[in-house]
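Undergrad: Have a look at this one.
The values are calculated or read from the model by the stated rules, or taken from the named source; none is laboratory data. This one's a predicted model, so the numbers in the text were calculated from it and none came from an experiment. Note that we place each Cβ from the backbone using ideal geometry, even for glycine, and neighbour counts take in every protein chain shown. Surface accessibility is based on the protein's heavy atoms, side chains included, excluding ligands, DNA and RNA. Shrake-Rupley method; radii C 1.70, N 1.55, O 1.52, S 1.80 Å.
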Amino acid sequence: MDENLFLTADTLVLSPDLQKGRLADGGFVIKNIPTQTYLRVSEMQWEILRMFETPRTAPNCLETSIQNRSCIPLREFYELLIKARRACVLQSPKAVSGIRTACHWSPPLPVTPVFFAGILSVVSAVVLLFVFPPTTVPLAWAQWVAGWALWAAALSLGNVIAASVLTRMDGEVYRPRFLWQRPVPYFTVDLADACMQSPRGQAAVAFARYTPLAMMTAGALYARHGWALPLLTGFLFALRPLAGGLPGQIFPLLHRRARLDTDHSFAFSLNRRPSVYWSGWWKGIDWAFIWVEVAYAAGWTLAVTWATMEVMGVSVKEVLTDWSYWEQCLPWLGAAVLVMFLYILARQLYDVLCEKIRQARRWIQVWWARWRGEVKLPDTEVALMKLVGSNVLLGQLNLYDQACIARELRPVQFKPWKTMVAFEEKPERVGLILSGRAVVFAQLKSGRRTPLVKLAEGNLFGAHAMVDPVHPSLAVRSSTPVTAMMIPEHIFQKVVVDKLGAALVYDLTHKHAFLERLPLCTHWYGHALGRFARLSKVVDFKEGEPIVDEGSDARAFFIVYEGRAQVTQRGRKVGLLKSGNYFGEIGLLQNSSAVAAVSALTDMRCLQIGKSEFLRFVAHNHHVALELERVSSLRLGYPIFPMIAHSFEERQVPGTRR
């Protein structure tokens, strides 16, 4: 599945073949009946999924949820949609899913007696382990075979009982089969439908699977049969704290908050970053039960160690009091724990470190090529056409016009810190930077120059006199050695400006170059930069002019293009905005009134995009949405999503009182 295509363009609809499980701890399971797939969601997440009862795209759903003030955190939103699609809860309107048939199972068994019988049998086996521990290893092979056969029979009978209990609760049983290729072969069934039941029902199914094994183990220990050891091994393995043991099925049922499918095993690519993973893991910790699980794991380890020593005839008391033994063992135990910790850490950081190394390598290669002037000039018609077609502006031309531009390109090199275009100079050529960096300067009324836009590879310069009536005179100065392909000014005017229009040329030269250097736009795709540049318009404000009034309806999103602005809240100055800063996103994302006032400190220009265009743009670009959510939450001091009672100002209806 193409993640970007899925989150922007795919039309989805809620499957009609869904069944809801029982609500517990704020969460419940949704099952697609024909495919036997499950998704654990919260009530807020279910409301998001219900929006797809009528076919729509993910951006349309996000835009609607923001306008309705029902939006959940965006990382959770994208994770939910991807996992809902994988679980066939959401599907394409004409999709045909496979069918998994449930089997007929009888007779059903009552839940409560089996539940208490399971608890009693497990407790009895544990108590008898310490009262009548196995003291010898069975020597006869017949005893090993008998214990192994009873172990297999107990597991098989446990699955039969568990399936009968699940059937009594109107659950479905799938895929009965015999697992031959196992150290202990046994009969099993798919009991995944237990997740649709109440916590007590799930616990009853889990205990039922191991009730026969616990009973046989308890009986063998009490009777001191030689085949008790294989059964005890199977019983202790069933009680393991990790990897699917009985406690791993019971402990999650005791948590005060349901563990949703959006909280773990992330499918959304941006959620798999270690910082996000560990942050989500930390916030989801239920410390009371973490300590219970740790204590159980320690107790299980001690019990296994104690039973092993009893079987081997080693005195536990002598081992615990022999300091020389611990002097030898503790360093090895510490080293094992350290190696395990480093292994887990390396697994989480490996992808990030590799990406950082790749980024650093690319930066060094680009930096070295710029200062050494090691750039390969396009010297064939194919290379020139490829260069022109890859430019965000020139690529808008038809092939004939692109060929006209390609024929006129001539290479020019500039030394570092040299003026490429001077103030009051009408450029005779327009340049396309192949290698290097430059800065565009505007001249203030005082005569002082101020940096306006930073240019790099792929940017055009020298076209300002043709497309910018506010700043027809700008200066361009190189900050590294620059290699550029130059186009005669009259050719650029005739082929590019006259055909595409001065507005589009300005958007994809000045605005685009300005936006791609902003921290906000670091991770934006090229098409998103171009789209925002075309959607936004340049708005001028005089010194002292109010831009946004506190408490007024949020109407637009602003990025400071030139000048400075002041932010006030309840009459108190709270911030200063300069070129590259932005504001207005909080009111738009919350669909509420502005939380602060903004006024111009100097004559200034802003890039402005209206409310509906802003929401549509954000909904179609998840990198943009996540960055705006992060910054808005930092500015508010609490998460902007989900919206709670104090997170926005209710608008007062005229003629009413609060």
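Undergrad: Lys and Arg at +1, Asp and Glu at -1: add these up for the other residues within a Cβ distance under 12 Å of TRP417 and post the number. Spell out each step's value before the answer.
TA: Details: positive: LYS415, LYS418, ARG437, ARG477; negative: none.
With Lys, Arg at +1 and Asp, Glu at -1, the neighbours total +4.
Undergrad: Take the alpha carbon atoms of segment 356-414, find their center, do the same for segment 96-128, and report the distance between the two centers in whole angstrom.
TA: 68 Å
Undergrad: Another question, then. For a protection proxy built on the mean count of beta-carbon atoms within 10 angstrom, sort 409-421, 185-197 highest first, please.
TA: Details: 409-421: 15.1, 185-197: 19.5.
Final packing ranking: 185-197, 409-421.
Undergrad: Give me the net charge of GLY245's neighbourhood, meaning all other residues with Cβ under 15 Å from the Cβ of GLY245; Lys, Arg count +1, Asp, Glu -1.
TA: Working: positive: ARG209, ARG240; negative: GLU293.
Neighbourhood net charge equals +1.
Undergrad: Here's something else I'd like to know. Given 0.36 nm per residue, what is the gain on full extension from ALA9 to GLN328 after removing their alpha carbon distance, in nm? Could the numbers behind the result be given before it?
TA: Details: separation 319, 0.36 × 319 = 114.84 nm, distance 6.24 nm.
The span from ALA9 to GLN328 would gain 108.6 nm if fully extended.
Undergrad: Would you mind listing how long segment 495-581 runs along its three principal axes, going by Cα atoms, in whole Å with the largest first?
TA: 52, 28, 23
Undergrad: Using a Förster distance of 35 Å, how high is the FRET efficiency between SER446 and LYS573, based on the Cβ-Cβ distance and rounded to 0.05? Could the numbers behind the result be given before it?
TA: Details: r = 25 Å, r/R0 = 0.71.
The formula returns an efficiency of 0.90 here.
Undergrad: What's the Kirkwood radius of segment 355-414 in Å, using all Cα pairs?
TA: On the way: mean 1/r = 0.0742 Å⁻¹.
One decimal place: 13.5 Å for the Kirkwood radius.
Undergrad: Further question: Take the alpha carbon gyration tensor of segment 1-81, find the square roots of its eigenvalues, order them as a ≥ b ≥ c, and report rounded if a/c is under 1.5; if not, report prolate when a/b exceeds b/c, else oblate. Kindly include the intermediate steps, with their values, before the conclusion.
TA: On the way: a/c = 1.80, a/b = 1.27, b/c = 1.42.
It comes out oblate by the Cα gyration axes.
Undergrad: Same structure again: Compute the length gained on full extension between SER612 and LYS415: take 0.36 nm times their separation in residues and subtract their Cα-Cα distance, giving the result in nm to one decimal.
TA: Working: separation 197, 0.36 × 197 = 70.92 nm, distance 4.58 nm.
So the extension gain works out to 66.3 nm.
Undergrad: For GLY610, what is the net charge nearby, where nearby means another residue's Cβ is under 15 Å from its Cβ and Lys, Arg count +1, Asp, Glu -1? Don't skip to the answer; put the middle values down first.
TA: Values: positive: ARG531, ARG534, LYS537, ARG555, LYS611, ARG616; negative: GLU63, ASP553, GLU585, GLU613.
Taking every other residue near GLY610 into account, the sum is +2.
Undergrad: Using the Karplus equation 6.51 cos²θ - 1.76 cosθ + 1.60 (θ = phi - 60°), what ³J(HN,Hα) coupling, rounded to whole Hz, does each residue of segment 141-146 give in order, writing x for Gly and Pro?
TA: 5, 4, 5, 5, 5, 5
Undergrad: For q values of 0.22, 0.24, 0.25, 0.34 Å⁻¹, compute log₁₀ I(q)/I(0) with the Debye formula on a Cα-only model of segment 123-164, without solvent.
TA: -0.91, -0.93, -0.94, -0.96
Undergrad: Just to compare against my own numbers: the Cα pair-distance distribution for segment 28-161, 10 Å bins, whole % per bin, please.
TA: All Cα pairs considered, the percentages come to 9, 24, 19, 16, 17, 11, 4, 0.
Undergrad: In addition: Across 5 Å bins from 0, what is the distribution of all Cα-Cα pair distances for segment 191-278, in whole percents?
TA: 2, 12, 16, 16, 15, 13, 10, 7, 4, 3, 1, 0
Undergrad: Rounded to the nearest 0.05, what FRET efficiency do LEU270 and THR54 give with R0 = 25 Å and r taken as the Cβ-Cβ distance? Could you check? Present the calculation step by step, with values, prior to reporting the outcome.
TA: On the way: r = 28 Å, r/R0 = 1.12.
That pair, LEU270 with THR54, gives E of 0.35.
Undergrad: Put a dot 7 Å past each Cα toward the Cβ at TRP368 and TYR638; how far apart are the dots in nm?
TA: Placing both labels 7 Å beyond Cα along the Cβ direction yields 5.2 nm.
Undergrad: Still on this structure, please answer the following. Which pairs break 18 Å Cα to Cα here: LYS31/LYS83; LYS418/LYS494; LYS499/LYS537?
TA: On the way: LYS31/LYS83 13 Å; LYS418/LYS494 29 Å; LYS499/LYS537 20 Å.
Over 18 Å apart, Cα to Cα: LYS418/LYS494; LYS499/LYS537.
Undergrad: Can I ask one more? Using the heavy atoms of the protein chains and a 1.4 angstrom probe, tell me the accessible area per residue for the chain in square angstrom. Walk me through the intermediate numbers first.
TA: Numbers: 34580 Å² over 658 residues.
Per-residue value: 53 Å².
Undergrad: Give me a comma-separated list of calculated 3J(HN,Hα) values for segment 159-166, in order, Karplus coefficients 6.51, -1.76, 1.60 applied at θ = phi - 60°, integers in Hz, x for any Gly or Pro.
TA: Those phi angles translate into 5, 5, 5, 4, 5, 5, 5, 5 Hz.
Undergrad: In addition: Compute the separation of the alpha-carbon centres of segment 169-212 and segment 311-344 and state it in Å as a whole number.
TA: 37 Å
Undergrad: Here's something else I'd like to know. Please list 3J(HN,Hα) in residue order for segment 434-443, calculated via the Karplus relation 6.51 cos²θ - 1.76 cosθ + 1.60 where θ = phi - 60°; whole Hz, with x for glycine and proline.
TA: 8, 8, x, 10, 8, 10, 9, 10, 10, 10
Undergrad: Show me the ranking of peptides 571-581, 244-254 by mean Cβ neighbours inside 10 Å, starting with the highest.
TA: On the way: 571-581: 13.5, 244-254: 16.1.
Highest mean packing first, the order is 244-254, 571-581.
Undergrad: Fully extended, how many nm does the chain gain between ARG240 and LEU399 (0.36 nm per residue separation, minus their Cα-Cα distance)? Don't skip to the end; give the middle numbers.
TA: Details: separation 159, 0.36 × 159 = 57.24 nm, distance 6.78 nm.
Residue separation times 0.36 nm, minus the Cα-Cα distance, leaves 50.5 nm.
Undergrad: Taking amide H atoms as placed 1.01 Å from N in the peptide plane, list the residues 5 or more away in sequence, or in a different chain, whose amide H sits under 5 Å from that of TYR186.
TA: Hits under the 5 Å cutoff: LEU179.
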